[in-house]
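Here the structure is laid out as structure tokens; the discussion comes afterwards.
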Amino acid sequence: MGIASINPATGEKIKGFEALTDAAVAAKLNLAQQGFERYRQTSLSERARWMQAAAQILEDKQESYGRLMTLEMGKTLAAAIAEAQKCAWVCRYYAEHAADFLSDTPAATDASQSFIRYQPLGVLLAVMPWNFPFWQVFRFAAPSLMAGNVALLKHASNVPQCALAIEEIFQQAGFPDGVFQTLLIGADKVANLIADDRIKAATLTGSEAAGSSLAAAAGEQIKKTVLELGGSDPFIVLESADLDAAVATAVTARMLNNGQSCIAAKRFILADAIADEFQQRLKEKILALKVGDPMDNATDIGPLATPDILHELDQQVQACLETGAKALVGGKPNQAQAQLPENLRQGNFYPPTLLTDIPPGTPADTEEFFGPVALAFQVPNIDAAIKLANSTPLGLGASAWTTNPAEHDRLINELEAGAVFINGMVKSDPRIPFGGVKRSGYGRELGVQGIHEFVNLKTIWIK
Ligand code: NAP
């Protein structure tokens, strides 16, 4: 496919890009290294001023950045504009808090004075996915740049215009040359980059396969990595739950971003006592969703980002149906297209789907379903709910609904996930750390923890 913008709603190729030559990549690496030598000397207040300027640009141009995201990857325009606003928030958050997060931390020892000092590592490589094409980049870049590092971005090959727009935002905000650069390159160039001495650490948000490959290359070079990978998050609803709130949240938690979010609720684990009612009410809400042109404000669900994602999702759904699962809604791949206007018939639309009665042994047990497909399971009690929730290899987030405080404690303590949200949907927020356990990855972004991932925590001991 190469590096190209292809409108997922129409299949139309908007613009193709030549990958950078090796010589051009080398020049950018040089600029990054030279940029770091100067940038590390800048004060936190200068960096904060540039970061605030980046936030302002994002806010001022939220509509045009929103259109760009929608054009390249198909999320609804309203969601894309909200994403630009959230990026401004994370820039402002770290502009305001970095000085506090990076101030020396005293430690009492046998020294007359001992403390921890936080220093930048240098050039960081960020390999990013298309699903939140601005947010994923900004939530890495805002803390990393505030800490004095410089960044090279290898973005997903289907969002090159977003990648270039982000580079331009940091330039226009006033960050010095070489502090943030986009590399239009294929994934096959990443391992060589990691091997370059000038790159000190790397982060990847994306699939398990990509994460594993980047971490292997970095491991060989003894370089630090942070991995934010997939999720098959449970959404547990127990007998005492507020069903109105749970059902209303369930549909958003699953269908957000056309179903393509790592922390989307993917497996609905329902106590027997409320399962039938919950499924019926979820079915009604799903039937009411409008699939269509993501630029149209009335649309709830746009296309999937690429034909491959649609194909893979459909294979997973059909595998469940073939072994006896029932489609309470959707499940037929061509159903969505048939109801669309002519100009959208070549788009990657998948009908919002609710699968129930899923037997063991299907992809629903272990795989992430990256699209608007809800998987419902019934369990007799909280023990079975926790056991099923923990039965996947992934461990990103978990949402659980119950008004019983004793159950809250059990869910908080026993769910294997990087985050547990009680009576709410899992979300990312600059103020709290974000990341997974098990095959969902390691390390944390956001919060104070996020800015400490890519620094040298230097121990200082003075007699
Ligand atoms: P992907 O195929 O892994 O792509 C992500 C990025 O990795 C792209 O820039 C891609 O480049 C690059 N890449 C692919 N293979 C690589 C390799 N072998 N070595 C180095 N880089 C490689 O993932 P995706 O399908 O675009 O994104 C969806 C996945 O991301 C889902 O699993 C989702 O759950 C996960 N995700 C996780 C989080 C989180 O915070 N945990 C957030 C969002 C998404 P090319 O585009 O050039 O192939």
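Below are the figures for this structure:
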quantity: Cβ-Cβ under 9 Å pairs, at least 6 apart or on other chains, region 24-41 side closer than 14 Å to LEU125 by Cβ, far side assigned to a helix (DSSP H, G or I); calculated: VAL25/LYS189; VAL25/ASN192; VAL25/LEU193; LEU29/LEU193
quantity: Subset tally (residues that are within 22 Å of the chain's Cα centre (by Cα) and either among the charged types (D, E, K, R) or at pLDDT below 95 (or both)) for region 392-424; calculated: 1
quantity: Criterion: surrounded by 14 or more Cβ atoms within 10 Å (Cβ to Cβ) and either basic (Lys, Arg) or modelled with pLDDT under 95 (or both) - qualifying residue of ARG38, ARG47; calculated: ARG47
quantity: Filter result (among the small types (Gly, Ala, Ser) and either buried (at least 21 other Cβ atoms within 10 Å of the Cβ) or touching a strand residue (DSSP E or B) at 6+ places or on another chain (Cβ under 6 Å) (or both)) within region 296-326; calculated: GLY302, ALA305, ALA325
quantity: Residue in region 260-279 that is surrounded by the fewest Cβ atoms within 10 Å (Cβ to Cβ), counting only those that are assigned to a helix (DSSP H, G or I) and touching a residue at least 40 places away in the same chain (Cβ under 8 Å); calculated: ASP272
quantity: Tally, over region 173-182, of residues that are within 16 Å of ARG40 (Cβ to Cβ) and open to solvent by 20 Å² or more (accessible area, probe 1.4 Å); calculated: 2
quantity: Cross-chain or 6+ apart pairs with Cβ under 7 Å, region 48-61 first and farther than 9 Å from ALA88 by Cα, then surrounded by fewer than 18 Cβ atoms within 10 Å (Cβ to Cβ); calculated: TRP50/GLY174; ALA53/GLY174
quantity: Strands (runs of 3 or more DSSP E) wholly inside region 385-463 containing at least 2 residues that are open to solvent by 70 Å² or more (accessible area, probe 1.4 Å) and in the same structural domain as ARG117 (by TED's automatic domain parsing); calculated: 455-462
quantity: Cβ-Cβ under 8 Å pairs, at least 6 apart or on other chains, region 3-18 side under 23 Å from THR182 (Cα atoms) and in contact (Cβ under 8 Å) with a residue 24 or more places away in the chain, far side outside any strand (DSSP E or B) and open to solvent by 60 Å² or more (accessible area, probe 1.4 Å); calculated: ILE3/GLU18; ILE6/GLU12
quantity: Given (1) away from the ligand (no atom under 15 Å from the Cβ); (2) under 24 Å from ASP22 (Cα atoms); (3) open to solvent by less than 10 Å² (accessible area, probe 1.4 Å); (4) not charged (D, E, K, R), number of the condition LEU145 does not satisfy; calculated: (2)
quantity: Test for GLN161: is it buried (at least 16 other Cβ atoms within 10 Å of the Cβ) and either at pLDDT below 95 or in contact with a helix residue (DSSP H, G or I) (Cβ under 8 Å, 6 or more places away or on another chain) (or both); calculated: yes
quantity: Region 106-131, residues that are within 30 Å of ILE6 (Cα to Cα) and either β-branched (Val, Ile, Thr) or surrounded by fewer than 18 Cβ atoms within 10 Å (Cβ to Cβ) (or both); calculated: VAL127
quantity: Odd one out for GLY66, checked against (1) closer than 30 Å to ARG345 by Cβ; (2) within 16 Å of the ligand (Cβ to nearest atom); (3) crowded, with 21+ Cβ neighbours inside 10 Å; calculated: (2)
quantity: Spans of strands (runs of 3 or more DSSP E) in region 61-167 with at least 3 residues more than 23 Å from THR182 (Cβ to Cβ); calculated: 113-120
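For every residue, the table says whether it meets (1) in a loop (DSSP other than H, G, I, E, B); (2) open to solvent by 10 Å² or more (accessible area, probe 1.4 Å); (3) within 13 Å of the ligand (Cβ to nearest atom); (4) within 30 Å of ALA374 (Cα to Cα).
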{"site": "LEU184", "(1), (2), (3), (4)": "yes, yes, yes, no"}
{"site": "ALA191", "(1), (2), (3), (4)": "no, yes, yes, no"}
{"site": "LYS200", "(1), (2), (3), (4)": "no, yes, no, no"}
{"site": "ALA217", "(1), (2), (3), (4)": "no, yes, yes, no"}
{"site": "THR225", "(1), (2), (3), (4)": "no, yes, yes, no"}
{"site": "VAL247", "(1), (2), (3), (4)": "no, no, no, yes"}
{"site": "ALA250", "(1), (2), (3), (4)": "no, no, no, yes"}
{"site": "ASN258", "(1), (2), (3), (4)": "no, no, yes, yes"}
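The values are calculated or read from the model by the stated rules, or taken from the named source; none is laboratory data. Bear in mind the structure is a predicted one, so any value in this text is a computation, not a measurement. Because the Cβ atoms are built from the backbone with ideal geometry, glycine has one as well, and the counts that use them run over all protein chains shown. Heavy atoms of the whole protein, side chains included, go into the accessibility calculation; ligands, DNA and RNA do not. Shrake-Rupley method; radii C 1.70, N 1.55, O 1.52, S 1.80 Å.
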